[in-house]
Each structure stands twice: as C-alpha cells, then as structure tokens.
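Throughout, read-outs are computed from the coordinates displayed, never taken from laboratory work. Not measured: the values here are computed from a predicted model. Note that each Cβ is placed from the backbone with ideal geometry, even for glycine, and that neighbours are counted across all protein chains shown.
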Amino acid sequence: MRTPAPRRLTLRTVALCLLPLWAGSLGLLMTGSSASAQQGPALRHATVRRAGEPAVQGVITRLDARELTVVSEPDQTLPLRDVVAVEFTDRPPQLSELSPLVELVNGDLLAARVISADEEQARVQFTRLTLLPELTIPLEALRSLILAPPADPAARRELRRLLARPRESDQLLLADGDSQAGDFSGLTAETFLLGSGDTQQRVPQATVRAVGFNPELANLPPLKGPGALVTLIDGSRFVATDCHWEQGESLACQTLFGSALTIPVAALSRLHFLGGRARWLSRIEPQSTQFDPYLSIDWPWHRDRNCLGEPLRLRGVDYPLGLGVHSRQSLVFDIAPTDQKFHATLGIDDSAGDRGAALFEVRVDGKTRYRSPPLRGRMPPVVLEPIDVSGARTLELLVDYGPAADVLDHADWCEAVLIARPSKD
C-alpha cells in the first residue's frame, strides 16, 4: 500500500466564517466581522500547564517548534519542552456517544464518518466540525470504523468488545449481530466491498454497524521527536508534529498519517505536548502488570480509554490521556534517572454512574506515597499533589477493591505523567 502525498488543508480563508459556528457551541456571541475580531484574543485565552512550575493563564500570541508566548502578568515566553499542556478556556472536549468514529492504530480518534474508500485509502469528514475539509487516511493506518453506534449503552460496549477481539482479516460487524470477514476493497455511498473479481462481495452500507481492520496489515509511523496530542472540541484527538500558530488565529500541524492541517483556534480544546519534560504513562510500556479478578471476569487495562474501551470521562469532562483499569489492577513503571515528579487526576469513570468504590494507591519503590479513601462514582475527581520520585526506580499504580467488592470499579488515572527535572543546557 502506498501512502498518499500530504495535502494542505488551509482554512485561513474561511476562519472568520467558522468562528460564529463554533462560537455557538462555546457559548460565545459574535455579530459581524468586528465582533469576530474582538473575540479573537478571548478564543486564544488558555491555561498553560508547566513542568514543575505553577500554571500560567493568559492569551497565547505565539507558538512555534521551540517556544510559546503567553500574554499574562507578566508576559512569558516558555520553552516548549517545559510546557506540559495548553487548555483553552471554557472549551472542554466532549465526544458524543452517538458520533461515528474513525480509530487509528495508534489510538488517535476522529469524530468523523467515511465518505468513500478504496483498497488503499479512505476519505473522512468530521461530523460536528463540518466545515473542516475532508481528510485522506491510508487504510493501513486504520484500526476500526464505527458507522452507527447503538443508542443502548450496553450494545455500544458490546460493539467495542467485538472490535477489540483478535482477527486475521478485515471484518464487518452487522446491525443484526452477524459478521462478515474478508479483504476490505472499498466503500461507496451505498455499499461495502470485500474481496475482488468474481468473488467480490457487496454488503449494503445500511446493514453495517462497524468495521474492524486486519491488525497484521497495520502500519502508521510512530512519533519521532517532539510533537503534541491535539484535541478538538468534538472529542477528536490525534498526534501531530510541526505545530505552530498561523496569523494568530489557527494552529497548523502535520498528522502522522500524512495530512497537513490548519485548524481555527475556536475548534481547539487541548494541546498535550510529547517529547519534552512530560512523560505520559499511557505512552510508556509498563515494567509489569498484574490483574487479580474478584471472581473470574478478566478486565484488561487500556491506554487513553476507560476499562470498557470508551473515552476517559470524569464528571462530564473527557481526558485524552490516561490509564483505564478495573479493580484489582497493578501497573508498575520504570522511573528514569531524570524523572522528578508524578502527577495524576483520579476518579471513578462516569460510565459507573454513582456506583463503584475503589481505592487508589501510589507506591514508589514499594512504599506507599498516597492512598485514597474509597472513591465512588460522581465524587469530585482527586487531583494529586505532586509526588517526588527523584532517585527512585519504580512507580506502582494500584487500584484495589473497596467496600462494594469490584462492582463497577471503573477506575481512571487521568493525565498520569512523570515530569523530568530541568535540563542543565
């Protein structure tokens, strides 16, 4: 399979037209170009979280490959490797449970639908941010497509479970509960195509709920060097490189799957920086894992998902980075010689409703540094005070049974991150 040449998706000519559309979902009021101009700085207002230092709030005026400038009191220009995340004010990401989804093999997630596809690539369109141009994604970069999520939560979870199962070919999951396996060869406005030639099968698109692609054919270049996880207001998130501000109102970046994007700032929710002093645990392979079931049900842990494979969500806020587990689960990570602090936000995932009662524990070199009381659904998330890990070798994150055994212990370690000490150069 060949990778399509990068496409420049430029939105600068329509950015001011897009601002009123997105402003409605952001609770902003814009009337005419002069109001749009006045809203520009407000749209760039953000909280900038720094490694080992207090956060800074202000208007971002510059972002390039090395630095970020924020207008505050006083104005500050920060080395990008010292920036952990940028959170735009009053724009938390919110992924609709009924949105069609495009999932990439690295975990990137787009709230988008597939318009057409052939045996090499797919054309997709964002469903909420409809004025963003189409993207072209190589099929080898795709893990799954969810065309029509069921309205019933239990049915949605069963669909995700089926998509997570091992398979040796592409597979269509049908609305009637059946499935059909074969080599995906295309998608038209009405039909899925499997195979080719005389044996090609045509499956009506209206009967297909989701597509799982053959993992043996997966191929997406990993991030090399610094980058960012870009999160949009519709819950879409993807890893990008070469992130920089263009004309103060748009973020330009390069996706790992080969497309260049220019995104109006009004569509941005979060930027989490990768490759600097922040080492996100969901991007690190654990030294060891251990799951002890209360009865006999196996609950695999997930990167950047809850234990059901859904987005991490605490009190209505989606978290693009973190670890989703079920009691009783232990994850042990190596601490690098340069690591200095550990941060995380803890809680029972919203999928548990007001149920669940798990204990969260942080151990450094086997010694307990934090242990929570039983945390239940709908309780406010716990933002850990930074835990010093200087000179230590291992970090263990343990979720233990609470007073309700393991019932709905959907436990989230959101934004779990190790922060390195400042470099001397």
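Things to note:
- With K and R counted +1 and D and E -1, the other residues having a Cβ less than 15 Å from that of Arg113 yield a net charge of -1.
- Pairwise centroid distance, computed over Cα atoms, of the stretch 218-281 with the stretch 381-425, Å: 25 Å
- The distance between label points at Ala155 and Val203 comes to 1.7 nm (points 7 Å beyond Cα on the Cα→Cβ vector).
- Computed over the Cα atoms of the chain, pair by distinct pair, the Kirkwood hydrodynamic radius stands at 22.7 angstrom.
- Overall form of the stretch 279-420: prolate. Here a/c, set by the Cα gyration tensor axes a ≥ b ≥ c, is 1.5 or more, and a/b is the larger of a/b and b/c.
- Legend: ranking of residues Val265, Val102 from fewest to most surrounding C-beta atoms inside 10 Å; resulting order Val265, Val102.
- Neighbour-count ranking [beta-carbon atoms within 10 angstrom, fewest first] of His410, His244: His244, His410
- Sorted by Cβ neighbour density within 10 Å, fewest at the top, the residues Phe192, Phe291: Phe291, Phe192
- Using only alpha carbons, the stretch 47-125 has a radius of gyration to Kirkwood radius ratio (Rg to Rh) of 1.15.
- Straight-line cross-link partners of Lys424 among the lysines, defined as a Cα under 24 Å from its Cα and at least 8 positions apart when in the same chain: Lys224, Lys341.
- Take every Cα pair under 8 Å whose residues are at least 6 apart in sequence, average their separation, divide by the length of the chain, and the relative contact order is 15 percent.
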